[in-house]
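*Asks:* Quick one: the structure is below, questions incoming.
The values are calculated or read from the model by the stated rules, or taken from the named source; none is laboratory data. Keep in mind it's a predicted model, so treat the numbers as computed, not measured. As a convention, Cβ positions derive from the backbone with ideal geometry for all residues, glycine included, and neighbour counts pool all protein chains shown. Accessible surface areas use protein heavy atoms only, side chains included; no ligands, DNA or RNA. Shrake-Rupley method; radii C 1.70, N 1.55, O 1.52, S 1.80 Å.
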Amino acid sequence: MKTSKDNFEIVKSDQEWREILTPEQFNVLRKHGTERAFTSPLDKTYDQGTYVCGGCGQPLFTSETKYDSKTGWPSFYAPIEGAIATSVDRSLFMTRTEVHCSRCGGHLGHVFSDGPAPTGQRYCMNGVSLKFLPQEDS
Ligand code: FE
């Protein structure tokens, strides 16, 4: 799979990533792993707030676009504009659209076209690749 190292603002070696990520985060974000379904606490999180990249902290999704896809992975119908990039993933004998952070290239999950209105898109994310920042009451 193509994840060009040169095109991202944040570039680190595997060793550098290992120093700041947990083994689970590293496996998903840097090695295109997939967490087991229904294991992320973020799957059932519906508080108001922002989901940022677990690798570099870039805001990726807001709670406004989160919904229960019943797949066991945190799902959204749209990302924050410009926050993600996609590439074609032909692994596992399927052709899927891989979703990664536009800033560090970290693998987040895949996007499918069976989502709800208004976009019809389902951004199926690994919770371990995200960090949730609850909105602070003002
Ligand atoms: Fe990132």
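*Asks:* If pairing requires two Cys Cβ atoms under 4.7 Å apart, which cysteines of the chain are left without a partner?
*Replies:* Those would be Cys124, since no other cysteine Cβ in the chain comes under 4.7 Å of theirs.
*Asks:* To the nearest 10 square angstrom, what accessible area does Thr45 show with a 1.4 Å probe?
*Replies:* Estimated to the nearest 10 Å², Thr45 gives 20 Å².
*Asks:* Related question: Out of the range 1-105, which GluC sites (Glu not before Pro) are coil in DSSP terms and have no more than 16 other C-beta atoms within 10 Å? Kindly include the intermediate steps, with their values, before the conclusion.
*Replies:* Values: sites: Glu9, Glu16, Glu19, Glu24, Glu35, Glu64, Glu81, Glu98; in loops: Glu9, Glu35, Glu81.
Counting only loop positions with at most 16 other Cβ atoms within 10 Å, the GluC sites (Glu not before Pro) in the range 1-105 are Glu9, Glu81.
*Asks:* While we're on this one: Please compute, for the alpha-carbon atoms of the chain, the extent along each of the three principal axes and give them in descending order in Å.
*Replies:* For the chain, the Cα extents along the three principal axes come out at 40, 36, 28 Å.
*Asks:* In Å², what does the accessible area per residue of the range 2-134 work out to with a 1.4 Å probe?
*Replies:* On the way: 7050 Å² over 133 residues.
Using a 1.4 Å probe on heavy atoms only, each residue of the range 2-134 averages 53 Å².
*Asks:* Using unit Cβ charges (K, R positive; D, E negative) and no other charged atoms, how large, in debye to the nearest 20, is the dipole of the chain about its Cα centre? Display every interim value, and only then the final one.
*Replies:* Details: 15 positive and 17 negative charges, 101 e Å.
Computed about the Cα centre, the dipole is about 480 debye.
*Asks:* Separate question: Ignoring everything but the protein chains, give the 1.4 Å probe accessible area of Ile20 in square angstrom, nearest 10.
*Replies:* Approximately 100 Å² for this residue.
*Asks:* Report in % the part of the accessible area of the chain that belongs to carbon and sulfur, leaving out ligands and nucleic acids; probe 1.4 Å. Each step should come with its number before you reach the end.
*Replies:* Values: 3860 of 7750 Å².
Carbon-and-sulfur percentage of accessible area, whole number: 50.
*Asks:* Hey, can you grab everything whose amide H is under 5 Å from the amide H of Gly106? Only 5+ residues off in sequence or another chain; H modelled, so Pro and N-termini drop out.
*Replies:* Cys101
*Asks:* Say the dipole of the range 2-134 comes from +1 at the beta carbon of Lys and Arg and -1 at that of Asp and Glu; which of Phe93, Leu42, Ala117 then lies farthest toward its positive end?
*Replies:* Of the options given, the answer is Phe93.
*Asks:* Can you pull the accessible area of Asp14 for me, 1.4 Å probe, Å² to the nearest 10?
*Replies:* That residue has around 60 Å² of solvent-accessible surface.
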